[in-house]
Amino acid sequence: MNLESFTLEELLLTALKSEIESMEIYKKISMAVSNALLKDRFKFLAGEEEKHREFIENIYKGKFLGREIKLPEKTPVPLPEVKFEKGRYPFK
């Protein structure tokens, strides 16, 4: 992927979207697992993604004062599709 074809704004918005989607995946997994250690670990990872989101959002707000944050519908960063079915591994 050639990052030079993207503007700084596009890169920051894509990174922001990726952090939000990752956080949501970790939260869903933490609710789906019954093992307390795994549950705690996925909650921790979701919290880390939230910190990353805040960090990137602050950079965006500093570079693009007053501009509304509009996340792209699609991102060039693919994330795994997550399906939760009883008794099955949650990743497709």
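Derived scalar couplings between HN and Hα for the stretch 35-40 equal 5, 4, 5, 5, 4, 5 Hz in order, rounded to whole Hz, by the Karplus curve 6.51 cos²θ - 1.76 cosθ + 1.60 (θ = phi - 60°), x for Gly and Pro. With the cut-off at 27 Å, tell me which of the pairs Lys28/Lys70; Lys28/Lys51; Lys39/Lys70; Lys17/Lys63; Lys27/Lys74; Lys27/Lys63 have Cα atoms farther apart than that. The pairs that break the limit, which is 27 Å between Cα atoms, are Lys39/Lys70; Lys27/Lys63.
The simple Förster model, with R0 at 25 Å and r as the Cβ-Cβ distance, assigns Ser5 and Ile69 a FRET efficiency of 0.70. One quarter of the surface of the convex hull around the alpha-carbon atoms of the stretch 3-63 equals 4.3 nm², the direction-averaged projected area.
Evaluate the relative contact order of the stretch 3-63 (contact order divided by residue number), counting alpha-carbon pairs under 8 angstrom at least 6 apart; express in whole percent. Walk me through the intermediate numbers first.
Values: 42 pairs, mean separation 25.0, N = 61.
Result for the stretch 3-63 is 41 percent.
Laboratory data are not the source of any read-out in this text; all were calculated from the coordinates shown. Here the structure is a predicted model, which means the values were calculated and not measured. Neighbour counts are summed over all protein chains in view; Cβ atoms, including those assigned to glycine, are modelled from backbone coordinates with ideal geometry.
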